[in-house]
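The next block holds one structure in the form of structure tokens; read it before the comments.
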Amino acid sequence: MFGNHANREKMKNTYLIAVVIVAIVIIVAATAGYAYISSSTKTSTTTIPTTVTSTFTSAITTTSVITSTITPTSNTTSPTGAPVSVTGAGGTLIYPLMSAWEFTYNQLNPNVQVNYASVGSGAGIQQITAQTVDFGGSDAPLTAAQYAALPSGKVLLTIPESASAVVPAYNLPGISNGLNFTGNVLAQIFLGNITNWNDPAIAALNPGKTLPNHAIVVIHRSDGSGTMYAFTNYLSDSSTQWATKVGKGTSVNWPVGLGEKGNEGVAATIINTQYSMGPIEIAYEINNKGLISYGAVQNAAGNFILANLTNIGEAINAGATSLPAGNAHWTNVSIIDNIFNDKAATYAYPVSTLTYLLVYQQQTNLAIGTAVVNFIWWIVNSAQSAGSSLGYIPLPANIVLIDDATLNSITYNGVAIH
């Protein structure tokens, strides 16, 4: 085998490493915050308040400090020990956590530079299909058509990397977190059938709330998006009208609303637009605490659930008991479908989803292939707790076992890398 298991156990967690990483993270986090806000501003027609910068910086700093307490591992990244650059691209749902992972991993393994571009799940699948990146990221499994479009003779592996939730975010003056929604009411809003905040259907779910007599400004993604795949999956389960008229997918024809690029763009537009509403990954609400609110969604048991670590975890544990092997087709895998009618999952948040990394089983470059395998192995086995402060759920043990078996199947010239 090309890898060396002993090397992975040589380096133990030390106080010095933790202090160095934390110090560097504080500097880099400020830069990350500025970059995030600059990116979001490009997709919005208005200027984001300067308070967003400090909010985002604080969230990333916290996340990065958490990753610095992860037990470091020394990885053999290249047969020669030469520097290796690994590129990835894909979903924006995982980006806040991925940015912390790639930074911390580089501190632990200075010869490896991981660069992940937050371009959306659709673009991530396109780029890994074209083999222009070393790994892809998607918050939705490949469709049958996407599997069929893969290079001839190539096996693309699906590796769950984390789990999170999509929440109905909104900007309503005087109303904070906790406005209640059902799946059908959300579907009617995004179909354009419910157009006002004080519509009787919304009011009936929120007794005692004074809802404004103001039009709902609907926001959604303009690019191919796994976050939107999860949201439209839930709407399709909840509404026959939505299922037949729009359906589910990373890209759909939205009946109404303003499209923005990335979770970053949707979050920025909601921040800047009173009376707006749109689906975002929960980390983007946490990053912008106080600037974006989000609602509770009714689950199969009839409970209105405001997403948090516990109830997202319950959804994943209930919905991921049986999953395919990494080299199989994952087209029909859906945590949302699996728990939609599960009344026993009393407190599960119903719009919870896995997020995936996509890697070719047969690697063509030993140094890059080894670096990719070691990085993902570290994510799966050592770095899962890093995202807790941002609403990312550590993978259950059964998924870790599947991931490890998948990673052990990756080869170079017919020989297992790990």
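The values are calculated or read from the model by the stated rules, or taken from the named source; none is laboratory data. Values in this document were obtained by computation on a predicted structure and should not be read as measured data. When we count neighbours, we look across all protein chains shown, and the Cβ atoms used for this are built from the backbone with ideal geometry, even at glycine.
Reported count of residues in the stretch 123-139, each being touching a strand residue (DSSP E or B) at 6+ places or on another chain (Cβ under 8 Å) and under 19 Å from residue 221 (Cα atoms), is 6. Look at residue 288 and say whether it is more than 20 Å from residue 308 (Cβ to Cβ), crowded, with 19+ Cβ neighbours inside 10 Å and not basic (Lys, Arg). No; evaluated as a whole, the condition is false for this residue.
Restricting attention to the stretch 135-181, the residues that are closer than 21 Å to residue 270 by Cβ, touching a residue at least 40 places away in the same chain (Cβ under 8 Å) and either touching a His at 6+ places or on another chain (Cβ under 9 Å) or surrounded by fewer than 20 Cβ atoms within 10 Å (Cβ to Cβ) (or both) add up to 7.
Looking only at the stretch 229-239, decide whether some residue is touching a Lys or Arg at 6+ places or on another chain (Cβ under 6 Å) and among the hydrophobic types (A, V, I, L, M, F, W, C). No, that holds for no residue. Take the stretch 363-392 and flag every residue that is in contact with an Asp or Glu (Cβ under 9 Å, 6 or more places away or on another chain) and of a type in the set (Gly, Ala, Ser). Result: 369, 371, 391.
With a requirement of 2 or more residues that are farther than 27 Å from residue 278 by Cα, under 18 Å from the mean Cα position of the chain (by Cα) and of a type in the set (A, V, I, L, M, F, W, C), the helices (runs of 4 or more DSSP H) lying completely within the stretch 321-418 that satisfy it span 366-381, 397-408.
Return yes when residue 150 is within 25 Å of residue 311 (Cα to Cα) and modelled with pLDDT of 95 or more and no when it is not. So residue 150 fails the test.
Checking the structure you have, find out if any residue of the stretch 236-246 is buried (at least 24 other Cβ atoms within 10 Å of the Cβ), of a type outside the set (Phe, Trp, Tyr) and in contact with a Pro (Cβ under 7 Å, 6 or more places away or on another chain). No, that holds for no residue. Restricting the first member to the stretch 399-413 and to residues that are crowded, with 21+ Cβ neighbours inside 10 Å, and the second to residues that are of a type in the set (A, V, I, L, M, F, W, C) and assigned to a helix (DSSP H, G or I), the beta-carbon pairs closer than 7 Å and six or more apart or on different chains are 403/380; 407/373; 407/376; 407/377; 410/373. Could you say whether any residue in the stretch 106-114 is surrounded by 21 or more Cβ atoms within 10 Å (Cβ to Cβ), closer than 30 Å to residue 218 by Cβ and among the β-branched types (Val, Ile, Thr)? For the stretch 106-114, residues surrounded by 21 or more Cβ atoms within 10 Å (Cβ to Cβ), closer than 30 Å to residue 218 by Cβ and among the β-branched types (Val, Ile, Thr): absent. The residue of the stretch 297-320 that is nearest to residue 390 (Cα to Cα), among those that are in a loop (DSSP other than H, G, I, E, B) and within 16 Å of the chain's Cα centre (by Cα), is 308.
Evaluation of residue 263 against the conditions (1) crowded, with 19+ Cβ neighbours inside 10 Å; (2) modelled with pLDDT of 95 or more; (3) of a type in the set (S, T, N, Q) shows that the sole unmet condition is (2).
Which residues, counting only those in the stretch 198-227, are in contact with a strand residue (DSSP E or B) (Cβ under 7 Å, 6 or more places away or on another chain) and hydrophobic (A, V, I, L, M, F, W, C)? Those that are in contact with a strand residue (DSSP E or B) (Cβ under 7 Å, 6 or more places away or on another chain) and hydrophobic (A, V, I, L, M, F, W, C): 205, 215, 216, 217, 218, 219. Restricting attention to the stretch 291-335, the residues that are more than 12 Å from residue 163 (Cα to Cα), surrounded by 20 or more Cβ atoms within 10 Å (Cβ to Cβ) and among the β-branched types (Val, Ile, Thr) add up to 4.
Evaluate the stretch 186-194: report whether one residue or more is modelled with pLDDT of 95 or more, in contact with a Leu (Cβ under 8 Å, 6 or more places away or on another chain) and under 17 Å from residue 304 (Cβ atoms).
yes
A count restricted to the stretch 370-382 and to residues that are crowded, with 24+ Cβ neighbours inside 10 Å and of a type in the set (Gly, Ala, Ser) stands at 1.
When every residue of the stretch 109-118 is checked against the conditions, at least one turns out to be free of Cβ contacts under 8 Å to residues at least 40 places away in the same chain, among the hydrophobic types (A, V, I, L, M, F, W, C), touching a strand residue (DSSP E or B) at 6+ places or on another chain (Cβ under 7 Å) and not in a helix (DSSP H, G or I).
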